[in-house]
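The values are calculated or read from the model by the stated rules, or taken from the named source; none is laboratory data. Predicted model only: the values in this text are computed from it and were never measured. Here the Cβ is made from the backbone with ideal geometry for all residues, glycine too, and neighbour counts use every protein chain on show. Note: areas computed on protein heavy atoms with side chains; ligands, DNA, RNA excluded. Shrake-Rupley method; radii C 1.70, N 1.55, O 1.52, S 1.80 Å.
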Amino acid sequence: MSYLALSLTLIFVLIPLILSKTLNLGLEKDTFIATVRSIIQLLAVGYVLKFVFDSEHLIYIFLMIALMIGTATLNARKKGKSIDGITWKIAFTLLTVEVLTQGIILGFQIVPATAQYIIPISGMIIGNSMVLSILFLNRFTAEMSAHRDQVELILSLGGTPKQATHHQLISAIKASMIPTIESQKTIGLVQLPGMMSGQIIAGADPIQAVQFQLLIVFILLTTAAMSSIFLGFLSYPTLFNDRMQMLKEKF
Amino acid sequence: MEKVYEPAIHLNHVDFQIGDSKIIQNITGSFPKGKITTLVGPSGAGKTTLLKMCNGLISPTAGEIFIHNELISTYNPVDLRRNVGMALQSAPMIKGTVYENLELPLKLQNKKLAETGAISYLGDVGLDRSFLNKNAVDLSGGQRQKVSIARTLVNQSEILLLDEITSALDRASVKEIEELIVKINNKYNVTMIWITHNLEQALKIGHYTWVLMKGEVIETGESKLLENPQNELVKRFVQGVME
Ligand SMILES: Nc1ncnc2c1ncn2[C@@H]1O[C@H](COP(=O)(O)OP(=O)(O)OP(=O)(O)O)[C@@H](O)[C@H]1O
Ligand SMILES: [Mg+2]
């Protein structure tokens, strides 16, 4: 794409700005910020990626992944303030999901072990894992405060914290995974997935693009399952003390 | 209370504090073994808080609680709560049928409750077998309270803490539950601590009573103290409830 063509894409920013102005939606500022941020962030990433791909140094790949995990953690932890050590729990979850998934992909040599593959796939793994963590934490904390009387009931009958939170944990894990599973059911019928579209526009063979997309779909399913389950089992114990009592301020 | 008795539960200078507010203040006393002790007092006096401490759902912020002469903290919380059963004031139900609710205490120990057992527990609280497969969310307030009592009995605890278990029941059902509790107390020598707003009930079925106000025990003794309280505050409380 030429820079002239790229500048013309700003028309798509002007449309919402004008609509917001005329309809008094009050979204001008946010639209403007979003536009500026996406320009800066994406251009920066583009140059960084070019540098990393050219240098072929492993250390840069690790740095990029660390940066992704760090940013994703800071973003997701806002939803789990009531859980002690949530930052480390999310970071650990993201790291584990990334290592396990990449371990399988690279271990079986499903794709070549080069930065060109590792980094975009890591981005998808970590990004999806972050979204799942947010969905899970949202639902789990809501479930816990809505059903605290049932948690107390099970404790009062001689149940352990694990038994007392089992139901809420399972429904939060399920609820957080449903969007991933549902969106894969209609994939390709309505919207072509972003990565596949990108490849096709860039001139790749559609069949080749589909094969990669399938890999991504399967990766997203496994990261969805792993993220919420890991995070779930790391989170629930912090809501109780060692006398198996509910920490009131956490509910 | 000049008679010598063995305490099932003993409290020694017990406080419970949340932030700056003292909810229980310096309570010392015993609940005698094999007896029914009622806890009475106005709303917010700290009755529920006191029972929850005895079942280990919360811990005192100062002082000690002894269960059968052992410090409460020496018990494993799971064993403690099975031995000191509690029927919660709100009679919460888990999702599912009445049967699943009755089975819950055993299910937590990976055991099953036979259908005949469940029917017999239901019978104890005056519900027939048709309730077994009812969805717990469809129960009336009184029926829920009955299921909650039945469920508390399943653990066959040595001590039972009953938090206003008849507040939503009609007169006939109240009588039925009172008879059941007295029967269990007689037959199995189960120690009962029963919170009630019904002073006639406290007089009728309680051996002993504690009057709580603002987190303090202000009068204790045999239940008949409620007929002729010494303390001016208790006098006014009793008149207020009775009239
Ligand atoms: N977790 C808590 N946080 C803050 N305050 C609490 C908490 N639990 C209890 N309290 C306060 O402690 C006081 C005693 O509560 P408690 O439930 O023990 O009263 P109660 O005697 O059982 O009253 P009722 O007869 O209405 O059931 C109340 O003022 C209540 O607001
Ligand atoms: Mg109460």
Query raised in the report: Which of (1) away from chain B (no Cβ under 14 Å); (2) open to solvent by 60 Å² or more (accessible area, probe 1.4 Å) does residue A:242 not meet, given it meets every other one?
Result: (1)
Query - Residue list for the stretch B:2-15, restricted to those being under 21 Å from the mean Cα position of the chain (by Cα) and modelled with pLDDT under 95 - result: B:5, B:6
Query raised in the report: Residues of the stretch B:156-196 being within 16 Å of ligand 1 (Cβ to nearest atom) and over 22 Å from residue B:117 (Cβ atoms), which ones?
Result: B:161, B:163, B:164, B:166, B:167, B:168, B:193, B:194, B:195, B:196
Report task. Return yes when residue A:67 is assigned by TED's automatic domain parsing to the domain that holds residue A:223, at negative phi and open to solvent by 100 Å² or more (accessible area, probe 1.4 Å) and no when it is not. Result -> yes
**Report entry** helices (runs of 4 or more DSSP H) (entirely within the stretch A:1-117) containing at least 2 residues that are within 30 Å of residue A:224 (Cα to Cα)
**Finding:** A:28-55, A:58-76, A:86-107
Requested in this report: Please specify each residue of the stretch A:39-55 satisfying the condition of being among the aromatic types (Phe, Trp, Tyr) and either open to solvent by 90 Å² or more (accessible area, probe 1.4 Å) or touching a Pro at 6+ places or on another chain (Cβ under 9 Å) (or both).
Outcome: A:47, A:51
Requested in this report: Identify all residues within the stretch B:146-203 that are in a loop (DSSP other than H, G, I, E, B) and in contact with a His (Cβ under 9 Å, 6 or more places away or on another chain); write none if there are none.
Outcome: B:158, B:164, B:167
Report task. Output yes when any residue across the stretch B:32-39 is surrounded by fewer than 21 Cβ atoms within 10 Å (Cβ to Cβ), without any contact (Cβ under 8 Å) to a residue 40 or more places away in the chain and more than 18 Å from residue A:152 (Cβ to Cβ), and no when none is. Result -> no
Report summary line: Inside the stretch B:214-236, the number of residues satisfying the requirement of being open to solvent by less than 30 Å² (accessible area, probe 1.4 Å) and either closer than 25 Å to residue B:18 by Cα or within 16 Å of ligand 2 (Cβ to nearest atom) (or both) is 2
Query raised in the report: Is there a residue being more than 22 Å from residue A:244 (Cβ to Cβ), within 16 Å of ligand 1 (Cβ to nearest atom), more than 9 Å from chain A (Cβ to nearest Cβ) and open to solvent by less than 30 Å² (accessible area, probe 1.4 Å) anywhere in the stretch B:101-111?
Result: no
Query raised in the report: When residue B:147 is evaluated against the numbered criteria (1) more than 16 Å from ligand 2 (Cβ to nearest atom); (2) among the β-branched types (Val, Ile, Thr); (3) open to solvent by 10 Å² or more (accessible area, probe 1.4 Å), which criterion, by number, is the only one it fails?
Result: (3)
**Report entry** Any hit, the stretch B:59-72, residues being buried (at least 18 other Cβ atoms within 10 Å of the Cβ) and at the interface with another protein chain (Cβ under 8 Å from one of its Cβ atoms)
**Finding:** no
